[in-house]
Amino acid sequence: MFGEGLLKGMSITLKRFLGPNLAEAYPEVKPNLPPRTRSSMLLDPGKCIACGLCVNVCPNQVINLTSEKDENNKKVLKTYEMNIGRCLLCGLCTEVCPTKALVLSQEFENAVYHREALLWDMIERSKHSNLPSGKVG
């Protein structure tokens with residue numbers, strides 16, 4: 001029959017229009033995410049021993065860290081940077097971390113307008129994190 005597809009499409013549209021609202025009021029109401037959602041990375045610089053295992057295991061070479069030795073000849077974290085635009089959020093870096101200083105979080109609002117904003121200084125971000133010190137992982 002001529003127009004059968006049009007009638008079928010219009011019936012679906014009418015059902016959706018008259019049915020319950022499925023949209024979420026996102027900015028006002030935050031979504032309820034599943035517990036295993038991976039959306040962002042958090043670092044606890046106090047726990048990091050600057051071993052470099054996270055740098056070596058990352059498949060996209062996202063992580064860049066530098067360290068220096070203190071008066072006790074022990075490695076101390078100096079800088080910890082991530083190019084989050086290249087990150088797959090695979091979690092390999094968090095799995096290999098012996099002190100669990102690096103963890104995946106559910107912080108999903110990471111949209112930016114410029115690519116340079118995807119270069120994260122993780123030490124600086126940890127200072128502005130809403131989590132208390134020592135409670136990252």
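The charge dipole of the range 45-137, taken about the Cα centre with unit charges on the Cβ atoms of Lys, Arg (+1) and Asp, Glu (-1), comes to about 200 debye, rounded to the nearest 20.
Per residue, the accessible area of the chain comes to 75 Å² when a 1.4 Å probe rolls over the protein heavy atoms. Of the solvent-accessible surface of the range 1-123, computed with a 1.4 Å probe and all protein chains present, 57% belongs to carbon and sulfur. Taking every C-alpha pair closer than 8 Å and separated by at least 6 residues, the mean separation divided by the residue count of the chain gives a relative contact order of 29 percent.
Loop-resident chymotrypsin sites (Phe, Trp or Tyr not before Pro) (DSSP state other than H, G, I, E or B) in the range 35-128 with no more than 14 further Cβ atoms inside 10 Å of their Cβ: F108, Y113. In the chain the longest region clear of trypsin sites (Lys or Arg not before Pro) that are loop-assigned by DSSP and have at most 11 other C-beta atoms within 10 Å covers 75-134.
For the chain, the longest principal axis of the alpha carbon atoms and the long axis of helix 4-18 meet at an angle near 60°.
If r is the Cβ-Cβ distance from V112 to T13 and R0 is 30 Å, what FRET efficiency results, to the nearest 0.05? Here the calculated transfer efficiency is 0.25.
The lysines within cross-link reach of K8, meaning a Cα-to-Cα straight distance under 21 Å and a gap of 8 or more places when in the same chain, come to none at all. Shape analysis of the chain yields a ratio of the Cα radius of gyration to the Kirkwood radius, Rg/Rh, of 1.23.
The values are calculated or read from the model by the stated rules, or taken from the named source; none is laboratory data. In this text the structure is predicted, and so the values were computed from the model without any measurement. Neighbour counts run over all protein chains shown; Cβ positions are idealised from the backbone, glycine included. All accessible areas refer to the heavy atoms of the entire protein, side chains included, with ligands and DNA or RNA removed. Shrake-Rupley method; radii C 1.70, N 1.55, O 1.52, S 1.80 Å.
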